[in-house]
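One structure is given here, and the rest of the page talks about it.
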Amino acid sequence: MTQHTILNATHRALGAKMVDFGGWDMPLNYGSQIEEHHAVRRDAGMFDVSHMTVVDLRGAKTRDFLRHLFANSVDKLKVSGKALYSCMLNEQGGVIDDLIVYFLAEDFFRVVVNAATHDKDLAWIEKQAKAFDVKVIERKDLAMIAVQGPNARAKVQSLLSPATREKAAKIGKFVACEGDGLFIARTGYTGEDGYEIIVAEAQAVDLWNKLIAAGARPAGLGARDTLRLEAGMNLYGQDMDETITPWEAGLAWTVALDEGRDFIGRAALDKQKADGVRRVMVGLVMDDKGVLRHGQRVVTPSGDGEILSGTFSPTLGKAIAFARVPAGTAESAQVDIRGKLVPVRVVKYPFVRDGKPIDGI
């Protein structure tokens with residue numbers, strides 16, 4: 001059965017084109033995906049991300065539990081409100097999900113997990129939590145709105161009380177604060193500055209409408225996908241899954257091999273690293289006309305690879321992609337597009353930073 005967020009009727013009233021996304025009825029766009037993309041890069045756009053799941057973890061041993069559960073180290077979280085991006089792995093080192101965890105108190109951490117992985121994530125977390133006597137609380141009473149872009153923070157702050165506005169203005173990136181009944185995190189999935197706001201479902205429609213009045217443009221899944229790909233951010237299920245390790249997904253930076261911490265999947269990661277990682281994730285840019293798409297074959301002198309995420313980049317005006325290719329692939333390759341081998345450049349991502357193309361892209 002298709003699920004609806006609390007904002008579903010609001011999206012429809014705005015003329016959104018709705019699609020199924022991981023079992024949720026979500027807006028693809030509100031008329032123009034390209035215009036929504038540019039609004040986020042140039043001003044401020046906002047997304048309903050209430051399909052994602054907020055999970056509160058409580059108990060005296062919560063930090064110990066998360067040291068065991070995540071590949072990144074929650075020991076980096078020392079100040080209340082600080083956030084950390086991490087992968088949650090299986091015993092083989094494969095990625096069960098990628099997520100954000102917030103440290104709120106020694107006995108209280110908050111995790112936000114992906115919509116499509118909800119059931120397996122909750123089952124895995126609850127199974128592992130038993131040994132640490134940690135209580136796992138799914139917050140079905142909460143919604144989430146992401147407001148992103150160079151003017152996003154100012155537009156959000158204009159709606160806050162003076163005390164909350166002051167707190168929200170001061171927080172650094174990957175930090176959250178609370179006020180006016182809102183959980184305001186300076187995080188996002190677009191490569192732009194902004195906030196992800198967790199709000200009680202009962203207040204979500206009112207907040208959405210106030211954000212529109214403040215000048216934030218509603219944006220759908222289409223723009224969210226082109227923005228995150230330009231920003232070099234992985235999409236679970238497309239760029240990695242339970243058969244792919246962080247080494248193979250370009251997420252080595254999220255793995256903390258701190259001494260004495262035996263997190264789930266560590267032994268497999270240690271072995272793969274020692275043996276040599278055979279596949280890596282790279283960026284591709286196609287200067288010829290056309291679009292790079294998921295599943296297309298990538299031909300390199302070292303062997304074949306495959307495109308994972310591919311799209312037309314509105315900011316660059318050309319096709320870009322993530323691809324998994326043999327390690328050691330040189331700076332050029334070819335993509336098989338309907339039987340024709342088209343040249344592409346192999347580049348480091350992100351493709352766009354602070355709204356502008358990276359030099360050389």
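Nothing in this text is a laboratory measurement; each read-out follows from the coordinates by a stated rule. Because the structure is predicted, anything quoted here is derived from the model rather than measured. With ideal geometry, Cβ positions are generated from the backbone for all residues, glycine too; neighbour counts draw on all protein chains shown.
Brief remarks follow.
- Placing unit charges on the Cβ atoms only, positive for Lys and Arg and negative for Asp and Glu, gives the chain a dipole magnitude near 640 debye about its Cα centre.
- Kirkwood hydrodynamic radius of the range 144-250, Cα pairs, Å: 15.0
- A straight chain from residue 178 to residue 243 at 0.36 nm per residue would run longer than the Cα-Cα distance by 19.7 nm.
- Taking a straight Cα-Cα cut-off under 28 Å and skipping sequence neighbours fewer than 8 places away in the same chain, the lysines within cross-link reach of residue 167 are 76, 78, 82, 140, 155, 210.
- The mean sequence separation of alpha-carbon pairs under 8 Å and at least six residues apart, normalised by the residue count of the chain, gives a relative contact order of 18 percent.
- R0 of 35 Å, Cβ-Cβ distance residue 359-residue 79: FRET efficiency to nearest 0.05: 0.55
- Part-to-part distance (alpha-carbon centres) for the range 57-100 and the range 237-314, which is given in Å: 21
- Most mobile listed residue (162, 343, 246) in the chain, GNM with C-alpha springs under 10 Å: 162
- Relative exposure of 207, 142, judged by other C-beta atoms within 10 Å (fewest first): 142, 207
- Comparing the chain with the 2.2 N^0.38 Å rule of thumb, its C-alpha radius of gyration ratio is 0.99 (two decimals).
- Long-range tail of P(r) for the range 131-190 (Cα pairs > 12 Å, %): 72
- Relative contact order of the range 278-348, defined on C-alpha pairs under 8 angstrom at six or more residues apart (%): 39
- Dipole check for the range 269-317: with +1 at the C-beta of Lys and Arg, -1 at the C-beta of Asp and Glu, and the Cα centre as origin, the magnitude is about 120 Debye.
- Calculated FRET value between residue 210 and residue 90, using beta carbons and R₀ = 56 Å, to 0.05: 0.85
- Label-to-label distance, residue 274 versus residue 130, with points set 7 angstrom from Cα along the beta-carbon direction: 3.1 nm.
- Point-charge dipole on Cβ atoms (K/R +1, D/E -1) for the range 278-348, about Cα centre, debye to 20: 120
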